[in-house]
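Shown next, in structure tokens, is the structure this report addresses.
Read-outs throughout are calculated quantities, based only on the coordinates presented, and are distinct from any laboratory measurement. Note that the coordinates shown come from a computational prediction; the quantities given were computed from them, not determined experimentally. Cβ atoms come from the backbone with ideal geometry, glycine included; neighbour counts cover every protein chain shown.
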Amino acid sequence: MSKKVLILIGDAVESLEIYYPYYRCLEEGFEPTIAASEVRKIHTVVHDFTTWETYTEKPGYLIDAHIAFNEVNPEVYDGLFIPGGRSPEHIRMNEHVPKIVSHFFETNKPVASVCHGSLVLTTVPEHIKNREMTAYIACKPEVQAAGATYIDEMVHEEDNLISGHAWPDLPDVMRLFINQLKES
């Protein structure tokens, strides 16, 4: 039976952080499902570093959401992937998202978060408190405020939680996530 992966996104999701895991899951023979606030085309963005002190942002490709957050039954999924970009800032405010995320921690299913995806995890502090994780450095205060220990590494794995600093770390994040899915 094929593994089912739930991916939580919203407008302004980082293009590489949705497309890379989505296609990597398809390549593995998994069934990825993209969830958003509603079923529609979602706008992605491209973040890059130039001469600015922070990253720049440009419009990216569109990607289809398959299911709305309020329709998600997390019990049918084997793993959860949370991309970054700016979408975590607003999808974490959706009333269904913390319940969905909690399920994966309560059932010890693999959870992967990249970059600003950590902001979604801060909505369930009871599940990340006293755990180690990494995230984009600008998210360090939120990770620590939620009770987790910020690890200054590009990729970190602790039990069912795999976390990555940013899109260049996707190959290692996905390797660990896929290994956990195959072992579950």
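For segment 62-87, the set of residues classified as acidic (Asp, Glu) and assigned to a loop (DSSP other than H, G, I, E, B) consists of ASP78 only. Is it the case that VAL39 is farther than 14 Å from LEU16 by Cα, β-branched (Val, Ile, Thr) and either surrounded by 13 or more Cβ atoms within 10 Å (Cβ to Cβ) or in contact (Cβ under 8 Å) with a residue 24 or more places away in the chain (or both)? Judged against the criteria, VAL39 is a match.
The single residue among THR56, THR44, THR51, THR33 that is farther than 21 Å from ASN179 by Cβ, surrounded by fewer than 20 Cβ atoms within 10 Å (Cβ to Cβ) and in contact with a strand residue (DSSP E or B) (Cβ under 9 Å, 6 or more places away or on another chain) turns out to be THR56. Just one of the listed residues (PRO21, PRO59) is farther than 23 Å from MET174 by Cα and either assigned to a strand (DSSP E or B) or touching a residue at least 24 places away in the same chain (Cβ under 8 Å) (or both), and it is PRO59.
In segment 156-177, which residues are among the charged types (D, E, K, R) and in contact (Cβ under 8 Å) with a residue 12 or more places away in the chain? Of everything in segment 156-177, those that are among the charged types (D, E, K, R) and in contact (Cβ under 8 Å) with a residue 12 or more places away in the chain turn out to be GLU157, GLU158, ASP159, ASP169, ASP172. Candidates GLY79, GLY84: the one that is in contact (Cβ under 8 Å) with a residue 24 or more places away in the chain and more than 13 Å from CYS139 (Cβ to Cβ) is GLY79. When segment 96-135 is filtered for residues that are charged (D, E, K, R) and either over 20 Å from MET174 (Cβ atoms) or crowded, with 24+ Cβ neighbours inside 10 Å (or both), the ones remaining, listed by number, are LYS99, GLU106, GLU126, LYS129, ARG131.
For residues in segment 59-76 being surrounded by fewer than 14 Cβ atoms within 10 Å (Cβ to Cβ) and touching a Lys or Arg at 6+ places or on another chain (Cβ under 8 Å), which is farthest from HIS116 (Cα to Cα)? Of everything passing the filter in segment 59-76, VAL76 is farthest from HIS116 (Cα to Cα).
Is it the case that ALA166 is over 16 Å from the mean Cα position of the chain (by Cα) and aliphatic (A, V, I, L, M)? Considered against the rule, which asks whether it is over 16 Å from the mean Cα position of the chain (by Cα) and aliphatic (A, V, I, L, M), ALA166 comes out as no. Listed conditions (1) touching a Pro at 6+ places or on another chain (Cβ under 9 Å); (2) within 11 Å of ALA36 (Cα to Cα) are all met by ASP64, apart from (1). Restricting the first member to segment 134-151 and to residues that are within 10 Å of SER163 (Cα to Cα), and the second to residues that are part of a loop (DSSP other than H, G, I, E, B) and of a type in the set (Asp, Glu), the beta-carbon pairs closer than 7 Å and six or more apart or on different chains are THR134/GLU153.
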